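The values are calculated or read from the model by the stated rules, or taken from the named source; none is laboratory data. This one's a predicted model, so the numbers in the text were calculated from it and none came from an experiment. Using ideal geometry, Cβ is built from the backbone for each residue, glycine included, and neighbour counts are taken over all protein chains shown. Ligands, DNA and RNA are stripped out before the accessible areas are found, and what is left, the full protein with its side chains, is counted by its heavy atoms. Shrake-Rupley method; radii C 1.70, N 1.55, O 1.52, S 1.80 Å.
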Amino acid sequence: MALLNRLHGSSALLMRTMRKPASRLAAVTTSTTVPATTCALNSAGLPQRPINPQHDLPSSRLRDPYSYRNGIILSDDYKTTTRHAVIQQRQRRWSSSSATSDSNRDVYTAEQRKEDHRHCVEMVQTRDFEGYLCGLLMPSSAREAFFALRAFNVEIASIKDASQLIGGRARGSHSAGDEGENMGDPSLASRLRMQWWSEAISEIYENVNNDKQINLSQQHDPILRSLTSSRKHNPTLRSLNHAIHTHGLTHRFLRRIMEAREADLEMMQYERVRDVAQYGEDTVSSVLYLSLECVGVRDEAADEVASDIGVGLGILTALRSTGFRATQGECSIPSDVASKHSVSMDTLSSALHASLNPDDVNETEEAKASMESLHNATREMAGMASFHLHRARENQSAVPKEGRQCLLPAVCGVQYLDSLKECNYDVLHPALVGGGENATGLERRRRLGLMFLLGRTWLTGTF
């Protein structure tokens with residue numbers, strides 16, 4: 001009943017309003033006591049949404065979501081202008097917020113620096129334990145930069161191994177038919193990752209004017225903006241950037257590392273031992289040069305000692321990776337030494353099978369001959385590594401005292417040489433590769449021995 005009475009009252013009010021003269025209706029409409037916006041009633045007598053009575057436009061315009069703003073019917077010109085102004089306002093707001101966020105991200109806070117350092121330490125501890133032990137004994141002022149360099153070296157060195165996992169097959173293996181064609185090119189991903197790191201390092205060393213020009217172009221290029229954002233979110237790169245600006249690290253050494261690693265992506269076997277030594281100079285020695293710069297040592301005599309250590313460690317690294325590279329279809333023994341001692345991929349496969357199955361009673365004479373050939377090749381390469389490490393030991397007194405800790409990686413090479421001699425230069429011996437039933441105990445003993453040697457070298461200053 002209440003609803004019917006309300007409807008009846010509304011209808012009566014509407015009828016009385018319609019009976020008024022036109023002049024009187026205009027007076028009421030333009031009166032100051034009545035709001036400029038009135039409420040119309042529908043067929044049921046209920047009020048509609050407010051409209052401006054001064055505009056006599058068809059009702060279809062009311063359904064346009066862009067033409068109705070707070071009870072006002074907008075013209076096409078005003079509607080277009082308003083939409084354009086809103087878009088411009090949003091763009092200006094986004095640009096200002098983006099610039100503010102970019103400037104905030106450029107600020108390297110103490111908390112972020114601490115987190116990045118922790119990330120680098122954990123990466124080196126997990127994937128380069130010997131470098132981790134050496135980093136713990138570095139001076140506190142250079143420890144953060146040292147771990148940043150080591151983490152960067154781990155990132156670059158792991159690109160080749162990651163490409164093998166992406167490819168899903170060993171390097172050097174060939175499959176016929178469409179199956180091999182559909183596998184893709186894993187080296188392409190490796191080259192792209194290497195290019196990403198190379199451009200990121202180059203961008204760090206560019207001057208301020210070039211950085212401003214790059215930032216202006218990045219605002220209009222979403223791809224460049226995405227790449228820049230990914231670089232800013234990489235903890236290893238941020239920590240390395242801080243080390244470069246803090247210690248003034250030389251760009252040439254970092255570039256040599258990346259160029260050597262990139263050339264090694266497609267390398268199946270080096271031609272000469274000299275090439276292996278050069279690879280060690282470009283990679284390991286460059287890391288040692290940069291480590292010396294972290295402690296403020298830029299001395300020619302120290303660089304000569306670091307060069308010998310890097311060459312020796314590079315040759316030993318090739319020997320230590322013999323078993324793994326053999327499973328990937330690669331030969332870590334250079335061609336000149338391999339041909340001299342009759343070492344081929346079949347020889348490596350046979351020797352690897354024999355080392356993995358030491359209790360095999362059906363071991364043939366061919367397997368024994370393969371093992372002996374590999375031992376002879378290993379002995380020759382180990383002799384060259386020993387020569388460089390011993391020459392570095394003789395000249396280490398010329399290195400300034402503050403740079404002695406940077407030569408600690410040489411201790412790891414000397415320990416591996418001693419273990420290799422004890423195993424009769426069997427590079428695939430379980431004591432060296434971590435296989436066998438007592439692999440955990442052997443690895444624990446090796447690490448304890450290495451920690452003792454590193455501690456003694458740290459105290460005495462000589463290795």
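Of a type in the set (S, T, N, Q), at pLDDT 90 or above and more than 33 Å from the chain's Cα centre (by Cα): does that describe residue 335?
It is true that residue 335 is of a type in the set (S, T, N, Q), at pLDDT 90 or above and more than 33 Å from the chain's Cα centre (by Cα).
Considering every residue within region 388-396, establish whether at least one is within 30 Å of residue 345 (Cβ to Cβ) and more than 35 Å from the chain's Cα centre (by Cα). Working first, answer last.
Our first condition is that a residue be within 30 Å of residue 345 (Cβ to Cβ); within region 388-396, this holds for 388-389.
With the extra rule that they be more than 35 Å from the chain's Cα centre (by Cα), the set shrinks to none.
The answer is no, given that none of the residues of region 388-396 is within 30 Å of residue 345 (Cβ to Cβ) and more than 35 Å from the chain's Cα centre (by Cα).
Inside region 298-409, counting only helices (runs of 4 or more DSSP H) that do not spill past its ends, which hold 2 or more residues that are under 29 Å from residue 287 (Cβ atoms)?
The helices (runs of 4 or more DSSP H) meeting that bar are 300-320, 322-327, 335-340, 365-395.
I need every pair where a residue in region 436-463 that is on the phi > 0 side of the Ramachandran plot has its Cβ under 6 Å from the Cβ of a residue that is assigned to a helix (DSSP H, G or I) and surrounded by 13 or more Cβ atoms within 10 Å (Cβ to Cβ), sequence separation at least 6 or different chains.
Between residues of region 436-463 that are on the phi > 0 side of the Ramachandran plot and residues that are assigned to a helix (DSSP H, G or I) and surrounded by 13 or more Cβ atoms within 10 Å (Cβ to Cβ), the close pairs are 436/430; 461/404.
Within region 408-452, which residues are β-branched (Val, Ile, Thr) and either open to solvent by less than 40 Å² (accessible area, probe 1.4 Å) or more than 33 Å from the chain's Cα centre (by Cα) (or both)?
Result: 411, 414, 427.
Could you list, in sequence order, all residues of region 294-312 that are open to solvent by 10 Å² or more (accessible area, probe 1.4 Å) and either on the phi < 0 side of the Ramachandran plot or charged (D, E, K, R) (or both)?
295, 298, 299, 300, 301, 303, 304, 307, 308, 311, listed by residue number.
What is the number of the single condition among (1) surrounded by fewer than 19 Cβ atoms within 10 Å (Cβ to Cβ); (2) under 36 Å from the mean Cα position of the chain (by Cα) that residue 403 does not meet?
With (1) surrounded by fewer than 19 Cβ atoms within 10 Å (Cβ to Cβ); (2) under 36 Å from the mean Cα position of the chain (by Cα) applied to residue 403, the lone miss is (1).
So which of 364, 378, 347 is farther than 30 Å from residue 302 by Cβ, of a type in the set (Ser, Thr, Tyr) and modelled with pLDDT of 95 or more?
378
List the pairs whose first member sits in region 383-400 and is closer than 13 Å to residue 462 by Cα, whose second member is aromatic (Phe, Trp, Tyr) and surrounded by 14 or more Cβ atoms within 10 Å (Cβ to Cβ), and whose Cβ atoms are under 9 Å apart, counting only residues at least 6 apart or on separate chains?
Within 9 Å, the pairs are 389/463; 392/463; 393/463; 396/463.
Looking at region 229-252 only, could you name the residues that are part of a helix (DSSP H, G or I) and open to solvent by less than 40 Å² (accessible area, probe 1.4 Å)?
Step one: filter region 229-252 for residues part of a helix (DSSP H, G or I), giving 229-232, 235-247, 251-252.
Those that are part of a helix (DSSP H, G or I) and open to solvent by less than 40 Å² (accessible area, probe 1.4 Å): 231, 235, 236, 237, 239, 240, 243, 244.
Quick one: residue 423 ticks every box in (1) touching a Leu at 6+ places or on another chain (Cβ under 9 Å); (2) touching a residue at least 24 places away in the same chain (Cβ under 8 Å) bar one, so which box is it?
(2)
Of all residues in region 260-279, count the ones that are without any contact (Cβ under 8 Å) to a residue 60 or more places away in the chain, under 14 Å from residue 153 (Cβ atoms) and open to solvent by 30 Å² or more (accessible area, probe 1.4 Å).
Within region 260-279, residues that are without any contact (Cβ under 8 Å) to a residue 60 or more places away in the chain, under 14 Å from residue 153 (Cβ atoms) and open to solvent by 30 Å² or more (accessible area, probe 1.4 Å) number 1.
Residue check: is residue 282 part of a helix (DSSP H, G or I), open to solvent by 10 Å² or more (accessible area, probe 1.4 Å), touching a Lys or Arg at 6+ places or on another chain (Cβ under 6 Å) and in contact (Cβ under 8 Å) with a residue 12 or more places away in the chain? Working first, answer last.
Numbers: part of a helix (DSSP H, G or I): yes; open to solvent by 10 Å² or more (accessible area, probe 1.4 Å): yes; touching a Lys or Arg at 6+ places or on another chain (Cβ under 6 Å): yes; in contact (Cβ under 8 Å) with a residue 12 or more places away in the chain: yes.
Answer is yes for this residue.
I'd like to verify a number: residues in region 364-407 that are β-branched (Val, Ile, Thr) and over 21 Å from residue 313 (Cα atoms), how many?
Here the count works out to 1.
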